[in-house]
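Worksheet: the structure to be examined is printed underneath.
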Amino acid sequence: MKKFLKYELQSVAGMVGISVYILADTFFISVYAGADGLAMLNLVLPVYGVIYAIGSMIGIGSATRYGINRAKGEDTGDYFLQSFFFSILFSIPFMLTGFLAPQKFLGLLGADAKLAALGKSYLRIILTASPLFMANYTFTAFARNDQATSVAMTASIAGSLFNIVFDYILMFPCGLGLAGAALATAVCPAVTMSICGVHYLGRKNTVGFHWKRPCFSHLISCCKLGISAFVGEISSAVITIVFNMLILGIAGNTGVAAYGVIANMSAVAMSIFNGLAQGVQPLISENYGKNHFDRAKKLLKMGLCASLVMELAIVSGVWAKTDALIAVFNSEHNAALLRYAHVGLRLYFLGFLFAGINIMLVAYFSAVDNAKTAIAGSVSRGAVAIVVCAVLFAKLFGLNGVWISFLGSEMITCLLICGLARTGIAGKC
């Protein structure tokens, strides 16, 4: 129980630390550029989502496979460097886009000429730094699976604190504006990886650094267990893109700015549940690898209970302090933004009554090498159900339908996963 609580608390703190630097960007950009800045940032959020999704699939999937195979006594000495190599390889297209066509890419995301010009330098820097964002998952996930959760937590928090401080310094005293915000965010994962490196160079490290020729069959084997992490991250990108397009047609740039506030708060809530899932994953994988299936199931139950408590706390807090939370990002005191965000924040966050449970179940199936169930649940909540619900509900109920679609998709996914869980848990685990 003590080990469970330690892993959960440290993982949640680390994941919240990662999400905080996006919140810092949101706050400072809202002060610097108002509603237009918020709208631009919300159009860029899907880019973060895709980068994080690929990085988490490779890094967390490799670390999960490492944890299972190490518990079985297999050779895992090359897993870290394979994960690092493929993270860098898959970041190259993002880097090229950042160098060659950031403004055109913003246009594809829905930005008009004004927003595209505003966000050009910001997006160029973020895309150029994609290797750091992707490799960051390898460094933190392997540290957690090497029983160094406190190091991963400290590293993530330190990176976020760096970002918050230098967001302000680079944007305002240095006069770099949005480019300064992007630079602070880009350096943040480098700080995190540097601190994780202290563990990898220390005596307690058991992660091997043996180089082998990169093997795509190995990558696929690892990525199967990282699909849940991938969809958990990519879902934010998918949801944001679909919502942006729908909201632009209903409420224009101000509506998108209001959704920007909601999306950033949602990212923090999502990071808490991802942290709970990632915190218990190394323990479940270790027990599964040692054939301690009853212990793995007990850890699942404990994780579900923790998720339920957190769900109730988050939804209650948002409903109690709705306007105060919005005011933090509404520096212009825009009445229309407040009106849209007030209703939207409350309706959207009802979805978290189910989201935490879904994330925990999907992570569990990944941790016990049941990739098919994990993928089915992940694809449902991250792509299929949310897109169908958003488009359908928007036609039926307008803007309120967009907000409530997150709840609808999570309810559908919960029913699907529970149905699959009967056959998934009826086996070994």
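The numbers here are math on the coordinates, done by the rules we state, and not lab data. Remember, predicted model here, so these are calculated numbers, not experimental data. Because the Cβ atoms are built from the backbone with ideal geometry, glycine has one as well, and the counts that use them run over all protein chains shown.
Here are a few things to note about the model shown:
- Summing charges over all other residues whose Cβ lies under 13 Å from the Cβ of Tyr66, with Lys and Arg as +1 and Asp and Glu as -1, gives -2.
- Most mobile of Leu41, Leu361, Leu416 in a GNM of the chain (Cα contacts under 10 Å): Leu416
- The sum of -39500 (n - 2.57) across all DSSP H runs of n ≥ 4, divided by the residue count of the chain, sets its helix-only mean residue ellipticity at 222 nm to -30000 deg cm²/dmol.
- Debye, to nearest 20: dipole size of region 2-424, +1 on Lys, Arg Cβ, -1 on Asp, Glu Cβ: 940
- Gyration tensor verdict on region 245-386 (Cα atoms; rounded if a/c is under 1.5, prolate if a/b is larger than b/c, oblate otherwise): prolate
- In a fully extended conformation the segment linking Arg203 and Phe172 would gain 6.9 nm over its present Cα-Cα distance, using 0.36 nm per residue.
- Bins of 10 Å from zero: percent of alpha-carbon pairs in the chain: 5, 23, 33, 26, 11, 2, 0
- Springs between Cα atoms under 10 Å define the GNM used for the chain, and in it the highest mean-square fluctuation of Gly159, Gly202, Gly255 occurs at Gly202.
- Quotient of Cα Rg and 2.2 N^0.38 Å for region 77-160, N being how many residues it contains: 1.38
- With a Förster radius of 41 Å applied to the C-beta separation of Ala320 and Lys290, the computed FRET efficiency comes to 0.40.
- Rounded, prolate or oblate (a/c below 1.5 giving rounded, otherwise prolate when a/b exceeds b/c) for region 211-313 by Cα gyration tensor: oblate
- Sorting Ile51, Ile29, Ile58 by the number of Cβ atoms found within 10 Å of their own Cβ, with the fewest placed first, yields Ile51, Ile29, Ile58.
- Loop-located chymotrypsin sites (Phe, Trp or Tyr not before Pro) across region 208-243 with a Cβ neighbour count of 15 or fewer within 10 Å are Phe209, Trp211, with loop assigned by DSSP.
- Across Lys72/Lys297; Lys72/Lys224; Lys204/Lys224, pairs whose alpha-carbon gap is larger than 21 Å: Lys204/Lys224
- Three-way shape call for region 125-216 based on the alpha-carbon gyration tensor, with the a/c threshold at 1.5: oblate
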